[in-house]
Structure formats: structure tokens, C-alpha cells
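Have a look at the structure below, then the notes.
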Amino acid sequence: MFRRFTQLTTRSIAARSVLLRGGHGQQHFNEPGGYLFDRKPGEKYEEEGWETIYIGGMSLAFVLIGLGVYYKPDT
């Protein structure tokens, strides 16, 4: 009798959890379409003005930090 009671309870809990699922219904999925970064294949990339300065500054910072770590005093 107890086994039948637990089976009925677990079934009702499982059925209820399927029905409640957050109340959002079916999951929404956008089909993939378009191009990566909105750039068509074969289209030449045009750099923006800040990119050269940024890459140069980050490279210089990387080199300076590397030199600083290499020559740091032993403590």
C-alpha cells in the first residue's frame, strides 16, 4: 500500500513539474542567419582609427611589463 502511495505521489509531482516549467511555454530559438560580425565573405576589412593605437599601446605595455618582471629586484 505504501509503495502504491509513493508511486502515485512521485507521478503527480513529475507531471506537475512538466506542466509548470516556468510558465514560458515553448522555448524560443532564433534560426541562424546573416553573417558573422555582419561582414560578408570576401569583403575587405577596413580598420578603424583607434585600432592601430590600441594594438600599439597594448604591445608596448606588454613589452614594458615583461622587462619590468625580468629586471625586478630579488627580495
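The values are calculated or read from the model by the stated rules, or taken from the named source; none is laboratory data. Keep in mind that this is a model prediction, so the values were computed, not measured. Just so you know, the surface numbers come from the protein's heavy atoms only, side chains and all, with ligands and any DNA or RNA stripped out. Shrake-Rupley method; radii C 1.70, N 1.55, O 1.52, S 1.80 Å.
Solvent-accessible surface of protein heavy atoms, probed at 1.4 angstrom with all chains present, puts ASP38, ASP74 in the order ASP74, ASP38, largest first. A 1.4 Å probe over all protein chains sorts LYS72, LYS44 by accessible area into LYS44, LYS72, starting with the largest.
Rounded to whole numbers, the Karplus 3J(HN,Hα) couplings from phi for segment 53-66 are 5, 5, 5, x, x, 5, 5, 4, 5, 4, 5, 5, 5, x Hz, using 6.51 cos²θ - 1.76 cosθ + 1.60 with θ = phi - 60°, and x at Gly and Pro.
Give the shape of segment 25-75 as rounded, prolate or oblate, defined through the alpha-carbon gyration tensor: a ≥ b ≥ c are the square roots of its eigenvalues, a/c under 1.5 means rounded, and otherwise the shape is prolate if a/b is larger than b/c and oblate if not. Here segment 25-75 falls in the oblate category.
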